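The values are calculated or read from the model by the stated rules, or taken from the named source; none is laboratory data. Fair warning: this is a prediction, and the values are worked out from it, not measured in the lab. Glycine gets a Cβ as well: all are built from the backbone with ideal geometry, and neighbour counts include every protein chain shown. The accessibility values were calculated without ligands, DNA or RNA, using every heavy atom of the protein model including side chains. Shrake-Rupley method; radii C 1.70, N 1.55, O 1.52, S 1.80 Å.
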Amino acid sequence: MLCCFTEALFKPLLTALWYQRGMWSSRVLVGVQILGVLVALATLAFYPPATGKMLLIPLTPGAAARVAPLALLGGAALIATGPLRGSLVVAGERRRLSAVLAASAVLILAAPPAVCGAGAQAQA
């Protein structure tokens, strides 16, 4: 899936940067490769765990009002407020939370200690 996503993301960029004689500039290729590695690392770093602490980020104002009740409905325990406005750090199962939050505009990410560890550990 990541390969298809990467191809869909970079194909227009690569087509626009096509070199005159049909060859790629080495700087462009290195830049695209570095960007691809950074996207892959960010995806791995913030992919939510099967169970454990997760960060729920509402994407709309309406979702911000519903995120806490929906998280509780999904069997999650509220741990702390997140670093973004309306976001929450919860502990629970990704499968159950995904099922409850599927119809709402809430993004589920891993809650790395570097991003939300200080407040989450103090309130746990």
Counting only heavy atoms of protein chains, what accessible area per residue, in Å², does segment 34-95 have with a probe of 1.4 Å?
57
Go through segment 33-38 residue by residue and turn each phi into a ³J(HN,Hα) via Karplus (6.51, -1.76, 1.60, θ = phi - 60°); whole Hz please, and just put x for glycine and proline.
5, 5, 4, x, 5, 5
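Determine, for each peptide in 46-53, 91-98, 104-111, the mean count of other beta carbons within 10 angstrom over its residues, then list the peptides with the highest first. Mind showing how you got there, number by number?
Numbers: 46-53: 14.1, 91-98: 17.0, 104-111: 18.8.
Listed from highest to lowest mean packing, they are 104-111, 91-98, 46-53.
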Where labels lie 7 Å past Cα in the beta-carbon direction, separation of ALA42 and ARG95 in nm
3.0
Apply the Karplus curve 6.51 cos²θ - 1.76 cosθ + 1.60, θ = phi - 60°, to the phi angles in segment 79-86 and return the couplings in whole Hz, x for Gly and Pro.
9, 6, 7, x, x, 9, 4, x
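Order of 55-62, 34-41 by packing, highest average Cβ count within 10 Å first?
Packing order, densest peptide first, comes out as 55-62, 34-41.
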